[in-house]
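**Student:** The following block contains the structure, expressed as structure tokens.
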Amino acid sequence: MGFGALRAIPMDKEMTVSIKKVGVIGSGQMGNGIAHVAALAGFDVVLNDVSDDRLKNAMATINGNLSRQVAKKIITEDARKQALDRIASASSLDGLADCDLVIETAVEREEVKRKIFHDVCAVLKPEAIVATNTSSISITRLAASTDRPEKFIGIHFMNPVPQMELVELIRGIATDDDTFDTAKEFVAKLGKQVAVSEDFPAFIVNRILLPMINEAIYTLYEGVGNVEAIDAAMKLGAHHPMGPLELADFIGLDTCLSIMQVLHEGLADSKYRPCPLLVKYVEAGWLGRKTQRGFYDYRGDKPVPTR
Ligand code: CAA
């Protein structure tokens, strides 16, 4: 489904943007994590989702994750309360109209993202910056479907957002310096570190991490080891904080598959072909933690390997 470029912003209308209000589109694990850290850093946040139920669940998740940080003495109880008070939720994109920066965190399907950009650009201020948290899709291509390619950038957070120090910044071919500098300053205000990636498939982290996860799934598929052995091997043998299959469930197996497909199509190298077992799990709807079942079954009181 193609969306032509919308009303272009005249080039002489370059503006610098100071970020005060941040819109987050999508209230899943990445969206609610970004809303969490932005509110903690003092930004006003509007969390948007088409589903009121998901918005309600997201606010509860954010409160739970903030409470975990209070329990670990990472933040004070006051900070938790103030952060929650800074987050408003909106089930319509109109609620984002006065945001200075909007970050899209929808499902890793390009047509879904392009539709969101088409609709949200129509309500935003001309000077607002539009960012995507995509894990792998071309920033340049996504930017071209908006009315503001110069003000479009990839701001790629890692899961879980409150704990992971890194954010990848990816410029599209048209992203201007002011947008890049503003995004860099925003990430620094979140207390995170920036890695700058060129706009190539899966950027840096996922270009390296997902083939490793895919290889772990091949290791399972070919019967080299079972789920427990593979995850124990990498946790104890390589000091990974989570085993690759546990991590795949945490990221979401549908997201893992999308990233491998982007690598395989974008780099045209068979080494990136997704493991057939990953495809099978996604086709079964076993997407990991978010569906209570993936390489582990999370429906009991402790995760049980499904293979
Ligand atoms: N949201 C959801 N779950 C969270 C969380 C959060 N903000 N913070 C912690 N958790 C979970 C942990 O997974 C753990 O779950 P279980 O008890 O069910 O196992 C539990 O809460 C306890 O976590 P702790 O707070 O005690 O923290 P920890 O010391 O156990 O570390 C962790 C948790 C930070 C997730 C750590 O295991 C880790 O760093 N794992 C690796 C994560 C990783 O590699 N992320 C990058 C993935 S790539 C990516 O994200 C990019 C992409 O585009 C896909």
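**Student:** Mind listing whichever residues of the stretch 125-154 are among the polar types (S, T, N, Q) and either under 25 Å from GLN29 (Cα atoms) or modelled with pLDDT of 95 or more (or both)? Give the steps one after another, and end with the answer.
**Tutor:** So in the stretch 125-154, the residues among the polar types (S, T, N, Q) come out as 132-136, 138, 140, 145-146.
Passing the criteria: THR132, ASN133, THR134, SER135, SER136, SER138, THR140, THR146.
**Student:** Looking at the structure I just gave you, is VAL130 within 21 Å of MET260 (Cβ to Cβ), in the same structural domain as ARG171 (by TED's automatic domain parsing) and free of Cβ contacts under 8 Å to residues at least 60 places away in the same chain?
**Tutor:** Numbers: within 21 Å of MET260 (Cβ to Cβ): no; in the same structural domain as ARG171 (by TED's automatic domain parsing): yes; free of Cβ contacts under 8 Å to residues at least 60 places away in the same chain: yes.
For VAL130, the condition - within 21 Å of MET260 (Cβ to Cβ), in the same structural domain as ARG171 (by TED's automatic domain parsing) and free of Cβ contacts under 8 Å to residues at least 60 places away in the same chain - is not met.
**Student:** If you don't mind, another one. Check ALA38, ALA58 and return the single one that is without any contact (Cβ under 8 Å) to a residue 60 or more places away in the chain, in a helix (DSSP H, G or I) and under 24 Å from VAL167 (Cα atoms). Talk me through it step by step, then tell me what you get.
**Tutor:** Values: ALA38 fails: without any contact (Cβ under 8 Å) to a residue 60 or more places away in the chain.
Going through ALA38, ALA58 in turn, the sole match is ALA58.
**Student:** So if I check each of THR140, THR175, THR146, THR134, which one is within 16 Å of the ligand (Cβ to nearest atom), within 23 Å of ARG109 (Cβ to Cβ) and not in a strand (DSSP E or B)?
**Tutor:** On the way: THR140 fails: within 16 Å of the ligand (Cβ to nearest atom); THR175 fails: within 16 Å of the ligand (Cβ to nearest atom); THR146 fails: within 16 Å of the ligand (Cβ to nearest atom).
Among THR140, THR175, THR146, THR134, only THR134 is within 16 Å of the ligand (Cβ to nearest atom), within 23 Å of ARG109 (Cβ to Cβ) and not in a strand (DSSP E or B).
**Student:** Something else: Could you list, ordered by first residue, the pairs with Cβ atoms under 6 Å in which the first is in the stretch 161-184 and farther than 16 Å from VAL102 by Cβ and the second is among the polar types (S, T, N, Q) and more than 16 Å from the ligand (Cβ to nearest atom), at least 6 apart or interchain?
**Tutor:** Partner pairs satisfying both residue conditions: ILE173/THR140; ASP178/THR16.
**Student:** A further question on this structure: Which of the residues spanning the stretch 110-131 are more than 18 Å from VAL22 (Cβ to Cβ), assigned to a helix (DSSP H, G or I) and among the hydrophobic types (A, V, I, L, M, F, W, C)?
**Tutor:** Once the filter is applied, which keeps residues that are more than 18 Å from VAL22 (Cβ to Cβ), assigned to a helix (DSSP H, G or I) and among the hydrophobic types (A, V, I, L, M, F, W, C), the stretch 110-131 yields only VAL112.
**Student:** A further question on this structure: Under 14 Å from the mean Cα position of the chain (by Cα) and assigned by TED's automatic domain parsing to the domain that holds LYS151, is that true of VAL120?
**Tutor:** Numbers: under 14 Å from the mean Cα position of the chain (by Cα): no; assigned by TED's automatic domain parsing to the domain that holds LYS151: yes.
The answer is no for VAL120.
**Student:** Taking interchain pairs and intrachain pairs at least six residues apart, which have beta carbon atoms under 7 angstrom, with the first residue in the stretch 233-258 and within 16 Å of THR306 (Cβ to Cβ) and the second more than 8 Å from the ligand (Cβ to nearest atom) and among the aromatic types (Phe, Trp, Tyr)?
**Tutor:** LEU245/PHE295; GLU246/TYR296; ALA248/PHE295; ASP249/PHE295; ASP249/TYR296; LEU253/TYR281; LEU253/TRP286
**Student:** Another question about this same structure. Could you tell me which numbered condition VAL167 fails, if it satisfies all but one of (1) assigned to a loop (DSSP other than H, G, I, E, B); (2) within 12 Å of the ligand (Cβ to nearest atom)?
**Tutor:** Just one mismatch for VAL167, condition (1).
The values are calculated or read from the model by the stated rules, or taken from the named source; none is laboratory data. Note that the coordinates shown come from a computational prediction; the quantities given were computed from them, not determined experimentally. Please note: Cβ atoms are built from the backbone with ideal geometry, for glycine as well, and neighbour counts cover all protein chains shown.
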